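Asks: Provided herewith is a single structure, encoded as structure tokens, for subsequent inquiry.
The values are calculated or read from the model by the stated rules, or taken from the named source; none is laboratory data. What you see is a predicted model, and the numbers here were worked out from it, not measured in a lab. So basically every Cβ, Gly included, is an ideal-geometry build from the backbone, and we count neighbours across all protein chains shown. Please note that ligands, DNA and RNA were not included when accessible areas were found on the heavy atoms of the full protein model with its side chains. Shrake-Rupley method; radii C 1.70, N 1.55, O 1.52, S 1.80 Å.
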Amino acid sequence: MSIIIAIVFMGLLELGRSQYLTNTVHKTSAATEKINDLWCYSCNATDDGEACIDLSSGNNASYVKKCNPEEFICMVKQFSYTTSTENSTSTPKLWSLERRCISSCEAGCIIIGERTKLYACTSCCEKSLCNTGKAHSTNPIAHFRRTSTALALGMLVLLSVAKPTLSVIL
């Protein structure tokens, strides 16, 4: 009886070992590291001028930079502004533009101000030399107008529901 138990035990032990060997993969720490082969444009319009703003205007080899091991994202950050009067809003004027490698990035635009609006727009991408644009894919003024209109309509609906006797003059 003890021989049968020993044979069964040895068989289960071998079965467990063979499953362990076939279902796992051992990797060294060097094998688990993500190799970073990302290259981005790296420049600042304040220092590098028009050539950084419009990359299609010439030789950009001096702006190409190999990213650090922890930087897996190419970024473009643009600051622009508009001025408004009662009847019109100026076209956006570029204030600053920066391109570089970065470890984390949040794409989008932040708009600050009333009559003078400051637009801080960021775009992010993960392919080599992808940071060629100007950090906004849509017109920030149109986005602001759509958002303002939606908020105003939402407030009108809210007021009409909350106080049905309240009349709103348009």
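Asks: One residue is enough: does the stretch 55-73 have a residue meeting the conditions at pLDDT below 90 and open to solvent by 90 Å² or more (accessible area, probe 1.4 Å)?
Replies: Yes.
Asks: Continuing with the same structure: Could you tell me which residue of the stretch 74-106 is most open to solvent (accessible area, probe 1.4 Å), considering only residues that are touching a residue at least 12 places away in the same chain (Cβ under 8 Å) and among the charged types (D, E, K, R)?
Replies: The extreme case among them is Glu106.
Asks: Residues of the stretch 18-47 being at pLDDT 70 or above, open to solvent by 60 Å² or more (accessible area, probe 1.4 Å) and not in a loop (DSSP other than H, G, I, E, B), which ones?
Replies: Ser29, Trp39, Thr46, Asp47
Asks: Say we look at the stretch 107-116 and pick out the residues that are out of contact with any Ser or Thr (no Cβ under 8 Å at 6 or more places or on another chain) and open to solvent by less than 80 Å² (accessible area, probe 1.4 Å); which of these is nearest to Cys130 (Cα to Cα)?
Replies: Step by step, filter the stretch 107-116, then rank; the result is Ile111.
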